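This report concerns only the one structure given below.
Each value in this text was obtained by applying a stated rule to the coordinates, not by laboratory testing. Everything numeric here is computed off the predicted structure, so don't read it as measured data. Cβ atoms come from the backbone with ideal geometry, glycine included; neighbour counts cover every protein chain shown.
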Amino acid sequence: MKFKVIKNDGLARTGIIETSRGLIHTPAFMPVGTNGTVKAMTPEEISEIGYEIILSNTYHLYLRPGHEVIKKLGGIHDFINWQKPILTDSGGFQIYSLASLRKITSEGVEFRSHIDGSSHFITPEGAIEIQLSLNSDILMVLDECVPYGAEREYVEKSLLLTNEWAKKCRDYFEKRKRENSLFGIIQGGFYPDLRLKALEELVKMDFDGYAIGGVSVGEPKKEMYETVKNTAPAMPEDKPRYLMGVGDLLDVIYAVEHGIDMFDCVMPTRNARNGTLFTSEGRISIKRSEFKEDSSPLDPLCDCYTCRNYSRAFLRHLYMCREILSMRLNTIHNLYFYCRFFENMRHAIEKGEFSIFKNQWIPILERNFNSD
């Protein structure tokens, strides 16, 4: 993998990640395909919208259908019919979510499946082996995601373990890699000095990219923003910078303003299934009665398939009837909106107009995207 910064506008930047399966223009958004599929969409549709990379979840694919099954079937790209780049997370966040079903030791994580209660144990080396079996393009190290509000003593102990795991992941990866790349994950809770300490140690290991993990875990936005502001500019300039699990567009603008390159989140797809749609006028809840006889397109400034062909009234009707087509059309629109948002943001940075882009969108996002 190669990464090149193309243009800076303050700390905001555009760049290109070059992989054996294609280019990724940054800042980039990765739709989440937890089980190898972005819900309600075909891979061809995701590609046609303009996405260059998707994220899949190691934890879920390990449990079902199993990484060995996917390996036998040619790897994840052939299995899901997506030949562009794929990033797989290590499963650390999902294991974090299973607090009552897991036990962390220096050797790895013991946990019970949320599907059938079966017991599993994954080591740092095992997390890499699973991802190599999937043959994703970008792999993530195994880490412990600490809960918001954790005491400093606990965070310090956790960080020591996470960085030990990172070293084990790196050593194992170097022996087994092909054309894959490996990212380190910066933990440290919401203690700025611990974040910088973690970063310093990870940089010595020389990863292909670096991610800020352990955010969007229930903290106030102000604390997330402070973590990004203090950490992102210190991350290597010549490597991709990834903010894990963040997709609220207010958060995205702030993070890009401080130098972040990559994002992932279920926000556009989950909201679509729940009837919440993103538009140039703000966030719309399509279930509202005011749209019952509204013949206008969802977003007059959008040229996605949904907006070109269907009215707000029809989209409301589909949602109220719980038709499968409702999830399809809503998801097509939301993913298209996100893709164009990131594309326009890249263009603004290239023209040295990121501040204009930010000032145009902030009032809309503050008014609509954070309220139902």
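What residue among Val38, Val141, Val203 has the largest mean-square fluctuation in a Gaussian network model of the chain, using Cα springs under 10 Å? Evaluated over the chain, the most mobile residue of the options is Val203. Listed by chain and number, the aspartates and glutamates whose C-alpha is less than 15 Å from the C-alpha of Lys71, apart from same-chain residues fewer than 8 away, are Glu129, Asp137.
Using DSSP to define loop residues, name the trypsin sites (Lys or Arg not before Pro) in segment 314-352 whose beta-carbon has at most 10 other beta-carbon atoms within 10 Å. Show your work: numbers first, answer last.
Values: sites: Arg316, Arg322, Arg328, Arg340, Arg346, Lys351; in loops: Arg322, Lys351.
Answer by residue number: Arg322.
Remark: relative contact order (the chain) = 17 percent; criterion is Cα-Cα distance under 8 angstrom and separation of 6 or more residues. For segment 72-77, backbone phi angles converted through the Karplus equation (6.51, -1.76, 1.60; θ = phi - 60°) give residue-by-residue couplings of 5, 8, x, x, 5, 5 Hz, Gly and Pro being listed as x.
Taking the chain as a Gaussian network of alpha-carbon nodes connected by springs under 10 Å, the highest mean-square fluctuation of the residues Asn330, Asn230, Asn309 belongs to Asn309. Under a model in which nothing but the beta-carbon of Lys, Arg (+1) and Asp, Glu (-1) is charged, the chain shows a dipole of about 600 debye around its Cα centre. Here Lys287 is the anchor, and the aspartates and glutamates within straight C-alpha reach of less than 16 Å, apart from those fewer than 8 places off in the same chain, are Asp299, Glu323, Asp372.
Amide H to amide H distances under 5 Å link Gly33 with Leu55, Ser56, where only residues 5 or more positions off or on other chains count and H is placed in the peptide plane. Here is the short version for the chain: Cys145, Cys169, Cys265, Cys304, Cys321, Cys339 have no other Cys C-beta closer than 4.7 Å. Here the Karplus curve 6.51 cos²θ - 1.76 cosθ + 1.60, taken at θ = phi - 60°, turns the phi angles of segment 54-64 into couplings of 10, 10, 10, 9, 4, 4, 5, 6, 5, 6, 7 Hz, with x standing for Gly and Pro.
Helix 152-176 and the longest principal axis of the C-alpha atoms of the chain enclose an angle of approximately 80°.
Helix 124-134 and the long axis of the chain differ in direction by around 50°, with both axes built from C-alpha atoms.
Spatially, segment 38-91 and segment 205-266 are offset by 23 Å when compared through their Cα centroids. If both residues of a DSSP beta bridge must be in the chain, then about 50% of such bridges are antiparallel. Helix 221-231 and the long axis of the chain differ in direction by around 50°, with both axes built from C-alpha atoms.
How high is the relative contact order of segment 272-366, given as a whole-number percent (alpha carbon pairs under 8 Å, six or more residues apart)?
Details: 104 pairs, mean separation 25.3, N = 95.
Relative contact order here is 27 percent.
Scalar couplings 3J(HN,Hα) for segment 177-194, obtained by applying the Karplus form with A = 6.51, B = -1.76, C = 1.60 to θ = phi - 60°, are 5, 10, 9, 6, 10, 10, 9, x, 10, 8, 9, x, x, 10, 10, x, 5, 6 Hz; x denotes Gly and Pro.
Structure remark: mean-square fluctuation, Gaussian network model of the chain, C-alpha springs under 10 Å; the largest value among Ile76, Ile54, Ile362 belongs to Ile362.
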